[in-house]
Amino acid sequence: MGIVNIDDEVHDQIRKASSVSCRSINAQAAFWIKVGMLCEMNPTLSFNEIVAAELKAAGVAPEKVRVAGGVPEAVKASAA
């Protein structure tokens, strides 16, 4: 583990994002660094494709999500 110097504004953005994503500030920074590295290594993949590949590699199996009140039309349309 080491120390990384970052701009105060970037640190503030990491702090804000970490509260939204329920990660520590360090975990949020590590996530952004990892995703950034994966994006550079796989420039033709979207963020969603990269995250899906990482989840699959970690053994996470997607399950159908139940939505109160039924499935929104936009979700039905994208699944068709």
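The values are calculated or read from the model by the stated rules, or taken from the named source; none is laboratory data. Note that the coordinates shown come from a computational prediction; the quantities given were computed from them, not determined experimentally. With ideal geometry, Cβ positions are generated from the backbone for all residues, glycine too; neighbour counts draw on all protein chains shown. These accessible areas exclude ligands, DNA and RNA; they are computed on the full protein's heavy atoms, side chains included. Shrake-Rupley method; radii C 1.70, N 1.55, O 1.52, S 1.80 Å.
General remarks:
- Between 19, 24, the distinction of being open to solvent by less than 80 Å² (accessible area, probe 1.4 Å), out of contact with any Gly (no Cβ under 7 Å at 6 or more places or on another chain) and either at pLDDT below 95 or among the small types (Gly, Ala, Ser) (or both) belongs to 24 only.
- Test set (1) modelled with pLDDT under 95; (2) closer than 30 Å to residue 3 by Cα; (3) open to solvent by 100 Å² or more (accessible area, probe 1.4 Å) - residue 64 fails condition number: (2)
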